[in-house]
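Here is the structure we will look at.
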Amino acid sequence: MEFITLPHTDLRCSRIALGTWSIGGFGWGGMDEAASIRTIHAALDLGINLFDTAPIYGKGAAEEVLAKALDGGRRQRTLIATKCGLDFSRSDGIFTDSRREVILREVEESLRRLRTDVIDLYQVHWPDPLIPAEETGAILHELQKQGKIRAIGVSNFAPAQMASFQKSAKLSSNQPPYSLLERGIEREVLPYCREHGIPLIAYGPLCRGMLSGRMTAGTNFAGDDIRSVDPKFQPPRFSQYLQAVARLDQFAQATHRKRVIDLALRWTLDQPGVGIVLWGGRKPEQLAPVPGAWTWRLTATDFKEADRILAETISDPVGPEFLTPQVRAAG
């Protein structure tokens, strides 16, 4: 396992972290608590020491399961990252909400669910257009001075929002979506973070399973599965993305004797500015690509070939914009 130290801290984090969105079950077709706990333990055995969660993952369930899994002394050798700033209590959707009273309540609720007295990395899940980012940064800085959180991060923030946030708080990370198939951050976010020394915690390296290599044209997404509303998984785009994945898999096998799932992980790890990659999983076997990630690297030729394959197969690419929460009514 490789490690980095988050800026402005002494937190030494594994470069692959376990993301717990799917462990929460909500948006992923339900949860198997026992399997989730086994997955967390398997991640620890592989050298993963950073676990990323959020209140919205399973509406608190992911934080609670993580706490159970880290019981019995395991918490002392792990780092927990969680988030604030989303209201998922309403029946009409998910809304950004970074009001002071909301964040102060949320941090206490997360501390309780996680059964811990400090959160190692506390992140604003989405920017709230109704609250200046500088004000939000001041709230998290206050929590840091109180000893309730150790490091401050943001997620899904644009450069201007990060610049405002940094007027009142020191940023240790930014967590955006980033994968072979979702590269919008390369225009502005990634260059800004590189310039200002803010490591990325890249989420979605498999693009919600698209790059796993396990999907076919007949794969269905039922119930509350988030992919049922993801444009990538709807015709006519779905067939284009499946073709791209098949071509990438052929390339990985022919060139490195790897599969597309391995390529997706290594590609993200090799991007300058990416400090940590979130690897989602709720079954231990889904962690299989992790140990082999450190045994190979991509070349400049590999990157160019991957770009060529994507350009030839996907004529109408789409990003993760469908995930953006709604903005509550002002006042």
Inset, instruction - On a C-alpha basis, how far is the centre of the range 147-170 from the centre of the range 172-226 in Å? Whole number, if you could? - result: 20
Inset, instruction - Would you please give the residues with an amide H less than 5 Å from that of Ser173, counting only those at least 5 places away or on a separate chain, with H modeled from the backbone geometry? - result: Val154
Inset, instruction - Would you calculate the separation in nanometres between label points at Phe88 and Asp316, each defined as 7 Å from the Cα along the Cα-to-beta-carbon direction? - result: 3.1
Inset, instruction - Which order do the peptides 9-18, 248-257 take when ranked by the mean count of other beta-carbon atoms within 10 Å per residue, highest first? - result: 9-18, 248-257
Legend entry - Dipole in debye (nearest 20) - the range 86-158, about Cα centre, beta carbon charges: Lys, Arg +1; Asp, Glu -1: 280
Inset, instruction - Working from Cα positions, state the angle (0 to 90°, nearest 10) between the long axis of helix 237-256 and the longest principal axis of the chain. - result: 70
Legend entry - Gain in span if fully extended, Ala160 to Arg259, counting 0.36 nm per residue against the direct Cα distance: 31.9 nm
Legend entry - Dipole of the range 166-242, positive direction: furthest Cα of Asn220, Phe233, Gln166, with charges on the beta-carbon: Gln166
Legend entry - Potential extension, Ala138-Thr219 segment - 0.36 nm per residue separation minus Cα distance: 24.6 nm
Legend entry - Helix-only mean residue ellipticity at 222 nm for the chain, each DSSP H run of n ≥ 4 adding -39500 (n - 2.57), per residue, nearest 500: -10500 deg cm²/dmol
Inset, instruction - Can you tell me the dipole magnitude for the range 251-326 around its Cα centre, using point charges on the Cβ only (Lys, Arg +1; Asp, Glu -1), in Debye to the nearest 20? - result: 380
Legend entry - Length gained when the stretch Thr295-Ala34 is fully extended (0.36 nm per residue, less Cα-Cα span): 90.9 nm
Legend entry - Cβ charges +1 (Lys, Arg) and -1 (Asp, Glu), total dipole of the chain, debye: 580
Inset, instruction - Taking the chain as the reference, fit the longest principal axis to its C-alpha atoms, fit the long axis of helix 133-145 to the helix C-alpha atoms, and give the angle between the two in degrees, 0 to 90, nearest 10. - result: 70
Inset, instruction - Please give the helix 100-114 orientation as an angle from the longest Cα principal axis of the chain, in degrees from 0 to 90, rounded to the nearest 10. - result: 70
Legend entry - Förster radius 30 Å - calculated FRET efficiency between Ala329 and Arg115 (Cβ-Cβ, nearest 0.05): 0.25
Legend entry - Label-point separation in nm, Ser239 to Ala288, each point 7 Å along Cα→Cβ: 3.0
Inset, instruction - Find out how many positive minus negative residues lie around Asp307, taking Lys and Arg as positive, Asp and Glu as negative, among other residues whose Cβ is under 13 Å from that of Asp307. - result: 0
Inset, instruction - Lys and Arg at +1, Asp and Glu at -1: add these up for the other residues within a Cβ distance under 10 Å of Arg208 and post the number. - result: -1
Legend entry - For the chain: Kirkwood Rh in Å [reciprocal of mean 1/r, alpha carbons]: 20.2
Inset, instruction - Take the cross-link list Lys68/Lys258; Lys68/Lys148; Lys283/Lys304; Lys83/Lys145; Lys145/Lys167 and give me the ones stretching past 23 Å between alpha-carbons. - result: Lys68/Lys258; Lys283/Lys304
Inset, instruction - Using a 10 Å cut-off on Cβ atoms, rank the peptides 305-318, 144-157, 199-212 from the highest mean neighbour count down. - result: 199-212, 144-157, 305-318
Legend entry - Net charge over other residues, Cβ less than 10 angstrom from the Cβ of Leu121 (K, R count +1; D, E count -1): 0
Inset, instruction - Provide the percentage of antiparallel DSSP beta bridges, counting only those with both residues in the chain; round to the nearest 5. - result: 20
Legend entry - C-alpha center-to-center spacing [the range 52-127, the range 301-331] in angstrom: 27
Inset, instruction - For the chain, with a Gaussian network of springs between Cα atoms less than 10 Å apart, report the residue from Thr39, Thr78, Thr299 with the top mean-square fluctuation. - result: Thr299
Inset, instruction - Please find, in a Gaussian network model of the chain (springs between Cα atoms separated by less than 10 Å), the residue of Asp97, Asp302, Asp45 whose mean-square fluctuation is greatest. - result: Asp45
Legend entry - Cβ-Cβ FRET estimate between Val229 and Asp10, R0 fixed at 56 Å, reported to 0.05: 0.85
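All of the numbers you see were taken from the coordinates with simple rules; none came from a lab. Predicted, not measured: the structure shown is a model, and the values here were computed from it. Don't worry about glycine lacking a Cβ; one is built from the backbone with ideal geometry, like all the others, and counts go over all protein chains shown.
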